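Notes follow once the structure below has been shown.
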Amino acid sequence: MGVDAVKVLNSIMVLATAFLAVFGEAVLSGPRHWLGAQVDLLPALMIYAALNTNVFVVALLAVFGGLSFDSLSANPLGLSILPLVAVGFPIFLQRDLILRGLPFAQVVLGGVASAVVPLLALLLLLTAGKYPLLGWGSLWQWIVMTAGGAAATPIFFSLFDWCDHALGYQPHTESSFRPDREILRGRKKIDY
């Protein structure tokens, strides 16, 4: 299995995780009732995809994940695509400057993405002439979504790193040093 196959496997796993995350959000109502809000996992997954995959996977995740999310929610179909793109592409373009391996950076990026995506979706709804119910409860839902996305982002990074290590090709570097060889150092003794 070559490096290209690992990238394809990672891309498939990201898209399958998006499907499972959206399906899980729709089916599992326990966290929604306990917290009073539904945690959206797509922004956290978008952070992982923007930092570790290519632009094609980021676009596919935005379209596929957004359409899946909208089809199982009260949003108009296609509304979630633009907020996910607005979060994913700037991070993709600046990913060389981001310390993607640090859990603190993952939490911050996940929190910012999980805060921005619902606000952009709300802005798009208001622009389209829809008037969703807004109140103090909406602030609580936004805080829960932000905290949930911030907590989920390092979990996604750990999960995909584990899958990459377990299923992916790990290159083995060989050196010319043999551990069974002893190197004698020092001056040679000459017997007369």
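The values are calculated or read from the model by the stated rules, or taken from the named source; none is laboratory data. Because the structure is a prediction, the values reported are computed rather than measured. Ideal geometry is used to build each Cβ from the backbone, glycine not excepted, and the neighbour counts take in all protein chains shown. We work out accessible area using only protein heavy atoms, side chains counted, and drop any ligands, DNA or RNA first. Shrake-Rupley method; radii C 1.70, N 1.55, O 1.52, S 1.80 Å.
Calculate how steeply helix 136-167 sits against the longest principal axis of the alpha-carbon atoms of the chain, using the helix alpha-carbon long axis, and give the answer as 0 to 90 degrees to the nearest 10.
Value to nearest ten degrees: 30.
With everything on Cα atoms, drop me the angle between helix 81-93 and the longest principal axis of the chain, reported from 0 to 90° to the nearest 10.
30 degrees
Extending each Cα 7 Å along its Cβ direction at residue 127 and residue 32, get the distance between those two points in nm, one decimal.
2.7 nm
For the stretch 100-135 and the stretch 34-84, write down the distance between their C-alpha centroids in whole Å.
11 Å
Please give the helix 55-71 orientation as an angle from the longest Cα principal axis of the chain, in degrees from 0 to 90, rounded to the nearest 10.
30 degrees
Return the Cα extents of the stretch 39-116 along principal axes one, two and three, sorted largest first, each rounded to a whole Å.
36, 25, 14
Using a 1.4 angstrom probe on heavy atoms only, work out the carbon and sulfur share of the accessible area of the chain in %.
Working: 8540 of 12490 Å².
About 68 percent, which is the carbon plus sulfur part of the accessible surface.
Using only the Cα atoms, what convex hull volume per residue in Å³ does the chain have?
Details: hull volume 33.0 nm³, N = 192.
In the chain, the Cα hull volume divided by residue count equals 172 Å³.
Using per-residue counts of other Cβ atoms within 10 Å, averaged over each peptide, order 147-153, 128-134, 20-26 from highest down. Provide the component values of the computation, followed by the final result.
On the way: 147-153: 23.0, 128-134: 9.1, 20-26: 16.6.
With the highest mean Cβ count within 10 Å placed first, the list reads 147-153, 20-26, 128-134.
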